[in-house]
Amino acid sequence: MSGSVRIVWARETLPAAGPSVFLAGPTPRLGGDVESWRPSAVKELAAQWTGKQPLTVLTPESRGGKRAKHYDDQVEWETDARAHAGAVLFWIPRDLVALPGFTTNVEFGLDAPTGRAVLGCPPDCPSPERNRYLIYVAGRFGVPVCTTLTGTAAAALALVSVKG
């Protein structure tokens, strides 16, 4: 049975409390040909969530595609949202042309030691060899590593359930 899920978009007010997952990973370029992976992640989380409280999904994508006027506003919100989240779900379908995820690499390095990160690296992505170091770092910090979005969502929800 799936539970209630609410989405908080980039630069919106973070909830005061409750179970939450931040969706970290590369964001497609505005107006590009690559679709976001985040709607599929939200569906996976909603299908698997069985908690008594609603699950808040924090996404760095903007409601209606309206981007931040100032870069610092976006970065500040993302940093605060990752720190606020009960779990940080990293999904990295690495593609050096369409979804390079260079900022994601830094964010993962910051979040891996927190005990709140999970890492998803699909082996069939265009550039899987570029995820090897992240997988190595995950092993050093005991971060769960998954190869499917379904498994990555389950690992994130397991962290949220333990904390909540």
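The values are calculated or read from the model by the stated rules, or taken from the named source; none is laboratory data. Just so it is clear, the structure is predicted and the values come from calculations on it, not from any experiment. Neighbour counts are summed over all protein chains in view; Cβ atoms, including those assigned to glycine, are modelled from backbone coordinates with ideal geometry.
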Residue check, Lys163 against (1) more than 19 Å from Arg38 (Cα to Cα); (2) surrounded by 21 or more Cβ atoms within 10 Å (Cβ to Cβ); (3) at pLDDT below 95, all met but one. Which one?
-> (2)
Which of the following residues is surrounded by 14 or more Cβ atoms within 10 Å (Cβ to Cβ), over 14 Å from the mean Cα position of the chain (by Cα) and touching a residue at least 40 places away in the same chain (Cβ under 8 Å): Pro26, Pro15?
-> Pro15
